[in-house]
Every structure is written in structure tokens, then in C-alpha cells.
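Data block below; observations after.
Each reported figure results from applying straightforward, stated rules to the coordinates on display, with no laboratory input. Owing to the predicted nature of the structure, the values given are computational and were not obtained by experimental measurement. Using ideal geometry, Cβ is built from the backbone for each residue, glycine included, and neighbour counts are taken over all protein chains shown.
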Amino acid sequence: MSAATAPLPPGSTIGIFGGGQLGRMTALAAARLGYRCHVFTPERDSPCAQVSDGETVADYEDRAALDAFAARVQVVTSEFENVSADALRYLATRVPVRPGPEVLAVAQDRVKEKTFCASIGATTTPVLVAHGAADIVRALDELGSPVVLKTARMGYDGKGQARIAAGDDAEAAWRAMGASQGVVEAWVAFDCEISVIVARGVDGAMLAYPAVENRHKHHILDETIAPARVGAATAAEAERLARHVAERLDLVGLLAVEMFVTKDGSVLVNELAPRPHNSGHWTIDACITSQFEQCVRAVSGLPLGSVERHADAVMKNLIGEEAGRWLEILGDPAAKLHLYGKAEARPGRKMGHVTWLKPRRG
Ligand code: AMP
């Protein structure tokens, strides 16, 4: 075993790029395994820093701060994909970065993501690359109406997205997106949205959590139902796709693959996220190994833990003011409440989540 793939001994420090709730829950899992975490984030008093051993508050492009960070940590993992791939490439010259910068580069750009999926035979929604309003008109013609325009970069939770029907003002939609490149997707009248989270270790070992069902409100995940209420063949196809993408990306860490299940039962890849994912929060309370512990294990070169679930689960996000119900939620003794330490409950902001366990079916 080379030094680069040797298991990280307890007491080592894991660097977390990004300071949000995903980093917070990763740091909590890391602490249980005897690791320290050091977070790099531009934001003061971040959810992750509140539970970490150390923090660097600096811009993601600040090379001196990146040098100092790299010197303090033994491995780096990212908790969101909209960090600069260049900053990660720079870090990777100093310390192992898992998943690697090139995985992030694919996942943070919808054009690269769709191109990559097409190149490995992972079917996505029918899509065209757009450089202007004329491409929206072309997409409406070729893909049918309506379509969804999405910014190529920095889009999440429905930000930078618009549904456009034939006859709508394509120029205005293009201007409103405010970016130089986007993708236009066919509108999928899906039966349901599902996701699979797969972990891949430094030795290439892979384990996948069962497919779960995701319900959105205003483009933001509202509820996850675990496992997804889909047939065995659909669940197996979703898992096959997730494993295939992880392998072909040469991933080390976690990958969430968001998918649409169409009315005729086919499974289409919508989005890739190479990190812990909101649709995996239920695993904290319902599985032998949570997605966060699994992430720590994978990036630290440890063996993966069992993904077996001891219960089925429903996870509800607490968005904005919904988190104000914390005391009422705690009044339900079966509710597992998780709050992220965010001071201000802005609309659309993920403040926490609640998980309810159900007796396991199947
Ligand atoms: P995304 O940021 O790509 O995950 O999109 C956010 C949400 O918008 C998805 O979870 C879907 O609910 C919806 N959506 C995105 N793309 C499409 C599409 N091509 N057809 C139908 N709904 C979509």
C-alpha cells in the first residue's frame, strides 16, 4: 500500500472545503472516528466551523491561505461543488484531494456533466448546449415544448433555471439567466425523482445506499422517502447507473446521482453531486453507517462501512421559517431533529431536517 493510499491514522486532520451543513455533519462523523477537521470557508461562524477543530476564513482563491490550509491537513474533501476547480487543483499539488479536482470540474458544469454522461452511456434528459436565445428557440423546435433553461455553472436548488414554452420570450429568458453558457433540457413529465448515493474507496471498493424518492417544493428538496417506492428493476437500474458513473469518474469519496423515473419506467440522470447529499441525511438515523461516516471512511482510506438500513425513513427539510417549529418537533418523541446552527432563517435557506423512522419493509 503506497503512502498516498494508506489509511489515515486517528488523530489526523481532515480538511473540509466549504463550511455548510454537509461539512458540519461530516465533521461530527469524523470526530467519532477520532479525527480532527479543519474547515476552509469564506464565511465566519459557519455551521461546519462551529463543530470543527480549526478554521481558515479566506477566499477560495487565496493562494497563501490555501498553502497554510494544505500544511495543516492530511486530506481534503469538498462539501459543495461550486468551489473553484482551480483552487482544488492547486491544493492537490500539496495534499490528496478526494474526490479529485477533475471530478468536481465535471459536476460543477452542466455542459461537461451532460457530455461526460453521454460519453459513458448514462442517459440524461435530451439536451442542447445554449450560447444565446436562438438556441432556446432551436431547442423548443427539436426537443418539444416546454423546455428548461439552466445555467451551466453555479446553479443549485433551481437557481438559474427557467421553464420556457413555445411562444414565450426566449430573449428575456436568456437575459434573465445572466450567463454566457447554459443547457436547454426537454421537460420531463416524470413519475418521480430518485437519487442514489454511492461510496467508492481508495481501493475502488464501492457500496451504494438504496435508491430514495425525493419530493421538491419550489425547486428545493422538501422530503426524502427511503427507500423509493419504485419497482425492483427501477431501483436496480438506478444503482447500476450510480456505480457506473462513480467508477468512470474514478471517484474516491461519495457521489449522489439525482435521477428522473419517467412514466414508461426508464431512469434518466439529472445531476451529479460528488459529496454527501441532502437526500442521504436519513442514513444518519436509519443506517449502520451514515453517508457522512462513509464519506470520512472513503476519503481517509478506511474500509467502507455497511450501508444496511435498520429502518425505513422519511426525512423532511426545515427550510427558512420552518425551523422555528423546533420545540414543537421535539415534542414528538419519535422525531430525530437536526439543526445546522445557522443564525438567520432566510427564505429558501436549509436550517435543519427531521427524520422519522418506520418499520423496515422488504
Ligand atoms: P436541478 O437543479 O437540475 O436538480 O433541478 C431542480 C429541480 O427542477 C429538479 O429536482 C426537478 O424537480 C426540476 N427539473 C429540473 N430539470 C427538469 C426537467 N428537465 N424536466 C422536469 N423537471 C425538471
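Ordering Ile164, Ile197 from the fewest to the most neighbouring beta carbons within 10 Å gives Ile164, Ile197. As an equivalent ellipsoid, the stretch 286-362 spans semi-axes of 27, 18, 9 angstrom, where each value is the square root of five times an eigenvalue of the C-alpha gyration tensor, largest first.
Calculate for the chain the 222 nm mean residue ellipticity that helices alone would give, adding -39,500 (n - 2.57) per DSSP H run of length 4 or more and normalising by residue count, nearest 500 deg cm²/dmol. Value at 222 nm, helices only, nearest 500: -8000 deg cm²/dmol.
For the stretch 245-356, the Cβ-based charge dipole about the Cα centre amounts to some 220 debye (Lys, Arg positive; Asp, Glu negative; other atoms uncharged). Counting Cα-Cα pairs of the stretch 36-86 in 5 Å increments starting at 0 gives whole-percent bin shares of 5, 20, 32, 32, 12, 1.
Can you work out the PRE-style zone for His310? Point 7 Å along Cα to Cβ, and I want the residues of the stretch 268-294 with backbone N under 13 Å. Residues 284-290 qualify, since their backbone N sits under 13 Å from the label point. Against the chain, whose longest principal axis is taken from its Cα atoms, helix 133-143 shows a tilt of about 80°.
Under the Kirkwood approximation applied to all pairs of distinct alpha-carbon atoms, what is the hydrodynamic radius of the stretch 191-296 in Å?
Result for the stretch 191-296 stands at 13.6 Å.
Dipole orientation for the stretch 202-359: of the candidates Leu207, Pro303, Asn278, Asn278 has the Cα lying most toward the positive pole (charges on Cβ; Lys, Arg +1; Asp, Glu -1).
In the calculated pair distance distribution of the stretch 13-107, what percentage of Cα-Cα distances lie above 21 Å?
For the stretch 13-107, the share of Cα pairs beyond 21 Å comes to 20 percent.
Summarising the label geometry, the points placed 7 Å from Cα in the beta-carbon direction at Asp59 and Cys192 lie 4.6 nm from one another. Packing-based ranking of 270-276, 356-362 yields 270-276, 356-362, ordered from highest to lowest mean Cβ neighbour count within 10 Å. What FRET efficiency would be calculated for the residue pair Ala334, Arg32, taking the C-beta separation as r and a Förster radius of 22 Å, to the nearest 0.05? About 0.40, to the nearest 0.05. For the chain, the longest principal axis of the alpha carbon atoms and the long axis of helix 232-248 meet at an angle near 70°. In plain terms, the chain from Ala68 to Asp222 could stretch by 51.6 nm, reckoned as 0.36 nm per residue minus the Cα-Cα distance.
Each Lys and Arg adds +1 at its Cβ and each Asp and Glu adds -1 at its Cβ; summed about the Cα centre, the stretch 101-224 shows a dipole of about 240 debye. List the pairs from Lys150/Lys263; Lys114/Lys350; Lys263/Lys336; Lys150/Lys336; Lys112/Lys263; Lys263/Lys350 whose alpha-carbon separation is above 32 Å, in the order I gave them. Those over the limit are Lys263/Lys336; Lys150/Lys336. The largest-to-smallest principal axis extents of the Cα set in the stretch 62-187 are 56, 32, 21 Å.
Ellipsoid fit via the Cα gyration tensor, the stretch 14-53: semi-axes of 16, 9, 8 Å, each the root of five times an eigenvalue, largest first. Size descriptors for the stretch 157-235: radius of gyration and Dmax over Cα atoms are 17.4, 53 Å. Working note: Debye formula, equal point scatterers on the alpha-carbon atoms of the stretch 203-362, no solvent; log10 I(q)/I(0) at q = 0.14, 0.17 Å⁻¹ is -0.76, -1.09. When +1 charges are put on Lys and Arg Cβ atoms and -1 charges on Asp and Glu Cβ atoms, the dipole computed for the chain relative to its Cα centre reaches about 700 debye. Rg and Dmax of the stretch 126-186, based on Cα coordinates, read 10.0, 28 Å.
For the chain, report the convex hull volume of the alpha-carbon atoms normalised per residue, in Å³, without decimals.
Details: hull volume 49.9 nm³, N = 362.
Hull volume over Cα atoms, normalised by residue count, gives 138 Å³.
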